[in-house]
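Nothing in this text is a laboratory measurement; each read-out follows from the coordinates by a stated rule. Given the structure is predicted, the values throughout are model-derived calculations rather than measurements. FYI the Cβ positions are ideal-geometry reconstructions off the backbone, even for glycines, and counts take in every protein chain you see.
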Amino acid sequence: MFYFDPLYLLVMAVTLIMSLAATGMVKSAFAKYSRVPADNGKTGKEIAEEILHRNNINDVSVEPVGPRFMPFGGDGILSDHYDPRAKAVRLSPQVYNSTSVAAQAIAAHECGHAIQHATLYAPLKLRNAIVPIAGFGSHFSYILIILGIIMNAMLWVKLGIVLFSVVVIFQILTIPVEVNASARAKVILKGMGAVSPQQKNGVSAVLNAAALTYVAAAATAILNLLYLLLRSGLLGGRRN
């Protein structure tokens with residue numbers, strides 16, 4: 001049966017380990033440097049507003065993360081993001097109100113996305129262009145694949161795999177976008193003198209750990225796609 005394929009269980013185990021390891025590293029780095037106060041004493045909100053002002057971005061607001069981004073009544077930790085449609089940098093409570101090195105690193109990273117948007121950064125434009133298809137694919141690709149298997153309709157399976165391929169492309173494109181935003185954050189904070197030379201290692205630790213979560217997500221998507229291609233016979237071998 002498809003659901004008990006040993007290869008699929010192996011893929012699931014590997015991807016789960018990668019995901020848990022990446023998440024653990026970013027939470028550990030964030031927790032460590034959340035206890036280290038930045039020398040300038042500014043909150044994540046204040047540093048974000050200053051970065052936007054310095055880059056002549058006056059149409060982007062800095063807001064706390066709302067309840068809709070805190071599923072199951074959570075505290076919104078690491079839910080920070082930039083919303084290009086609303087033109088808003090949204091920061092979790094642990095970043096918005098905090099004066100820590102970790103808070104300033106995350107705030108600067110999200111402002112890096114706002115700067116990418118304002119300067120028409122090509123990888124961000126490309127990623128945003130496929131967001132609707134990727135969102136559709138993430139919800140319906142496996143539904144089509146499973147229905148195709150049940151009904152022995154290979155066309156549906158192939159269509160599901162095509163949709164999932166867009167999700168994979170989205171995850172791959174996310175890596176350079178996130179790495180670039182982090183690189184901008186490091187340069188910006190250094191140029192502003194926001195953190196001392198001793199504290200810049202904390203900024204790098206937080207942002208580098210966060211980048212690993214995107215690498216893990218992309219690797220997970222790629223492994224799942226390879227599995228689907230292999231078991232469908234599209235990557236060679238016999239269809240199973």
Query raised in the report: Hey, fewest Cβ within 10 Å first, where do Leu78, Leu120 land in order?
Result: Leu120, Leu78
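Tell me which chymotrypsin sites (Phe, Trp or Tyr not before Pro) from the range 127-156 have a DSSP coil assignment and no more than 13 other beta carbons within 10 Å of their own.
none
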Report summary line: From the Cα centre of the range 131-159 to that of the range 99-125, the distance in Å is 34 Å
Query raised in the report: What angle, in degrees between 0 and 90 and rounded to the nearest 10, separates the Cα long axis of helix 154-192 from the longest principal axis of the Cα atoms of the chain?
Result: 20 degrees
Query raised in the report: So how compact is the chain: Cα radius of gyration and Dmax in angstrom?
Result: 20.3, 63
Report task. List the residues whose amide H sits under 5 Å from the amide H of Val65, counting only those 5 or more places along or on another chain, with H placed 1.01 Å from N in the peptide plane. Result -> Leu91, Ser92
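Considering all alpha-carbon pairs of the range 90-220, what whole percent are spaced by more than 18 angstrom? Intermediate results must be reported in sequence, preceding the final value.
Values: 5299 of 8515 pairs.
It works out to 62 percent of all Cα pairs.
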Requested in this report: Could you run the Karplus curve 6.51 cos²θ - 1.76 cosθ + 1.60 with θ = phi - 60° over the range 36-43 and give me ³J(HN,Hα) per residue in whole Hz, x for Gly and Pro?
Outcome: 9, x, 6, 4, 7, x, 8, 7
Report task. Fewest Cβ neighbours within 10 Å first, please rank Leu52, Leu229 accordingly. Result -> Leu229, Leu52
Report summary line: In this structure, among Lys125/Lys200; Lys87/Lys200; Lys32/Lys200; Lys87/Lys190, pairs with alpha-carbon gaps over 18 Å are Lys125/Lys200; Lys87/Lys200; Lys87/Lys190
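Calculate the FRET efficiency for Asn208 and Leu147 from the Cβ-Cβ distance with a Förster distance of 51 Å, rounded to the nearest 0.05.
0.80
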Report summary line: The helix 200-232 Cα axis meets the longest alpha-carbon principal axis of the chain at an angle in degrees, between 0 and 90 and rounded to 10, of 10 degrees
Report summary line: Taking a crude spin-label model, label points 7 Å out from Cα along the C-beta direction, the Leu155 to Arg85 distance in nm is 3.2 nm
Requested in this report: Per residue, how big is the convex hull around the C-alpha atoms of the range 1-63? Give it to me in cubic angstrom, could you?
Outcome: 157 Å³
**Report entry** Two-site FRET efficiency, His53 against Ser28, from Cβ-Cβ distance with R₀ of 35 Å, rounded to 0.05
**Finding:** 0.60
Query raised in the report: In Å, the Kirkwood hydrodynamic radius of the range 181-240 over pairs of distinct alpha carbons?
Result: 14.3 Å
Report task. Treating cross-link reach as a plain straight distance, find the aspartates and glutamates whose alpha-carbon is under 19 Å from the alpha-carbon of Lys186, omitting any fewer than eight places away in the same chain. Result -> Asp39, Glu46, Glu49, Glu50, Asp80, Glu110, Glu178
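To the nearest 20 Debye, how big is the dipole of the chain about its Cα centre, given +1 on the beta carbon of each Lys and Arg and -1 on that of each Asp and Glu?
440 debye
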Report summary line: Residues Thr220, Thr23 in order from fewest to most other beta-carbon atoms within 10 Å are Thr23, Thr220
**Report entry** Most positive-pole-ward Cα, Ser98, Ile51, Ile143, against dipole of the chain from beta carbon charges
**Finding:** Ile143
**Report entry** Two-site FRET efficiency, Met192 against Leu9, from Cβ-Cβ distance with R₀ of 51 Å, rounded to 0.05
**Finding:** 0.55
